[in-house]
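Please read the structure below before turning to the comments.
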Amino acid sequence: MANTDERRFDVLRAIVADYVSNQEPVASKSIVERHNLGVSSATVRNDMAVLEEEGYIAQPHTSAGRIPTDKGYRLFVDRLSEIKPLSAAERRAIISFLDSGTDLDDVLRRSVRLLAQLTRQVAVVQYPMLANTVVRHLEVVPLTPARLMLVLITDSGRVDQRTVDLGDVVTEETVLRLRTVLNGALAGRRLADAAAGVAELPEAAPTDLRDHLTRLCTTLVETLVEHPEERIVLGGTANLTRNVADFPGSLRQVLEALEEQVVVLKLLAAARNPGAVTVLIGEENEDEQMRSTSVVSIGYGREDMLLGGMGVVGPTRMDYPGTIAAVRAVANYVGQILSGR
C-alpha cells in the first residue's frame, strides 16, 4: 500500500509540475511520456481516478486532462522534502544588490523588487515592527521655541518622527535636559518594554520639566509604542495580470484586496518566526478576496527577534519550490543586513 501511495504522489507531483509549467490540463499519456514513473498509461489513469476521487486533482472540462486542486497543492507543498537551493551566483547577486541599499527604506524597496523579479509574483515586505525593535537613540529637535520634533531611531534602521507643541517657549538648555531624560529611559531598550518607563517619567522629573515631559511622553506612548504605524512595501502587482486565466472572475478582487494595507498585513501575520516559511493555498486564506491566490510568507530578523514579515502573492498555480527558496533567501539576507546596522 505504501508503494501505491508513493506512486500516486509521484503522479500528483508530475501533474503539478506540468500544469505549473504549461498551464494546460495534464493527461495520463503526457505523464508517461515526460516522467519516468516506470508504469503504464493504464496504471497512471487508475491513479489519476483515485486522486480525483480523493479531491487532489480535478477535471476542468471534458478533456482528458486534470489539474491540481487546492488540496492537491497542499499535499505537494507538505511533501516537499528538499528545496532546490539558489546557486552561488544567485546568492552573490542577491546579497550584493541588497547590501548596496543606502538606508532601511532603500533596503526594503530593493527586497520587494528582487522578490518580484525572482518569483514573477507580487512581493510584499513589512517594515520592522516598532514594538520588537530596540531604541538606538531618540533625537529631540527644536522646530520653533515652543515646538519640538521627536525622531526615534531603532536598531533595525527604522526612523519615525512626531512633532509636539509644548504650549510654552523652551530654551536650548531645557531641550538638552529633555533629550537626556528621554534617552535615559529609552536608549537600549525594546520599545514594548520601554512604554511603562516612559509613561512614569513625568512623575519623577524635576518640576520645571514635568509639563513638557508629560506632553512628550504622551506622544511617545500613544503614537510610537502602543499604536505603531505598520507600513508595507508592495511591488510586482503587474505580474498578476500576465496570467489572467489563473484568476477567473477574481483578478479585480485580488488587486483591490492588495490595495488594502490591513489585508496585506494579515497575509503576513502567519509568519511568526525568522526562517520558517508559511504557505497558504487558495481557500486557506482568511480573506475571501484572496482565495484564488497562494501566499508564501516568512519572518525576517535575528534568531532571537522577529523584525517583520515578507512574502509573495500569486496564483495557486505557482512554482512552490522556487518561490519558497527565493523568499527564504531574501528574508535571510535582509535579516542579516538589518541586524548588522
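The values are calculated or read from the model by the stated rules, or taken from the named source; none is laboratory data. Values in this document were obtained by computation on a predicted structure and should not be read as measured data. Virtual Cβ from ideal backbone geometry, glycine too; neighbours counted across all protein chains shown. Surface accessibility is based on the protein's heavy atoms, side chains included, excluding ligands, DNA and RNA. Shrake-Rupley method; radii C 1.70, N 1.55, O 1.52, S 1.80 Å.
Modelled label positions at T163 and M149, each set 7 Å beyond Cα in the direction of Cβ, lie 0.9 nm from each other.
When the helices of the chain are scored as -39500 (n - 2.57) per DSSP H run of n ≥ 4 and the total is divided over every residue, the value at 222 nm lands at -14500 deg cm²/dmol.
The residues of the chain have, on average, 48 Å² of accessible surface per residue, using a 1.4 Å probe with all protein chains present. Placing +1 on the Cβ of every Lys and Arg and -1 on the Cβ of every Asp and Glu, with no other charges, gives the chain a dipole of roughly 1060 debye about its Cα centre. Spin-label model, N46 to H61: label points 7 Å out along the Cα-to-beta-carbon direction sit 3.1 nm apart. Taking only protein heavy atoms and a 1.4 Å probe, the accessible area of the chain is 48% carbon and sulfur. When each of the peptides 11-24, 185-198 is scored by how many other beta carbons lie within 10 Å of its residues on average, the order from highest to lowest is 11-24, 185-198. Compactness of region 11-61 was expressed as the Cα radius of gyration divided by 2.2 N^0.38 Å, which yields 1.04. Computed extension gain for E288 through R92, at 0.36 nm per residue and net of the alpha carbon distance, reaches 66.7 nm.
Each principal axis of the Cα cloud of region 27-160 was evaluated for its coordinate range; sorted largest first, these ranges are 85, 33, 25 Å. In a simple Cβ point-charge model (Lys, Arg +1; Asp, Glu -1; nothing else charged), region 13-84 has a dipole of about 140 debye relative to its Cα centre. Angle, helix 88-99 long axis vs. longest principal axis of the chain, Cα atoms, 0 to 90°, nearest 10? With rounding to tens, the tilt is 30 degrees. Comparing S156, P315, I15 along the charge dipole axis of the chain, the residue lying farthest to the positive side is I15, per the Cβ-charge model. Applying the Karplus relation 6.51 cos²θ - 1.76 cosθ + 1.60 with θ = phi - 60° to region 136-144 yields 3J(HN,Hα) values of 8, 6, 10, 9, 10, 10, x, 9, 9 Hz, where x marks Gly and Pro. Neighbours of A257 by Cβ distance under 13 Å: Lys/Arg scored +1, Asp/Glu scored -1, total -3.
Put a plus charge on the Cβ of each Lys and Arg, a minus charge on the Cβ of each Asp and Glu, and nothing anywhere else: the dipole of region 131-245 about its Cα centre is then about 520 debye.
Rounded to the nearest Hz, the phi-derived 3J(HN,Hα) couplings of region 100-107 under the Karplus curve 6.51 cos²θ - 1.76 cosθ + 1.60 (θ = phi - 60°) are 7, x, 7, 7, 4, 4, 5, 4, where x marks glycine and proline. When you count the other C-beta atoms within 10 angstrom of each residue and take the mean per peptide, 244-251, 290-297, 52-59 line up highest first as 290-297, 52-59, 244-251. Taking amide H as placed 1.01 Å from N in the peptide plane, the amide H of A276 sits under 5 Å from that of G299, each at least 5 places away or on another chain. Positive end of the dipole of the chain (Cβ unit charges, origin at the Cα centre): among I232, G335, V77, the Cα lying farthest that way belongs to V77. Checking the a/c ratio against 1.5 first, then a/b against b/c, what shape does the Cα gyration tensor give for region 210-341? Since a/c reaches 1.5 but b/c is at least a/b, the shape of region 210-341 is classed as oblate. Please compute the net charge surrounding A187, taking Lys and Arg as +1 and Asp and Glu as -1 over other residues with Cβ under 14 Å from its Cβ. Net local charge, A187 excluded: +1.
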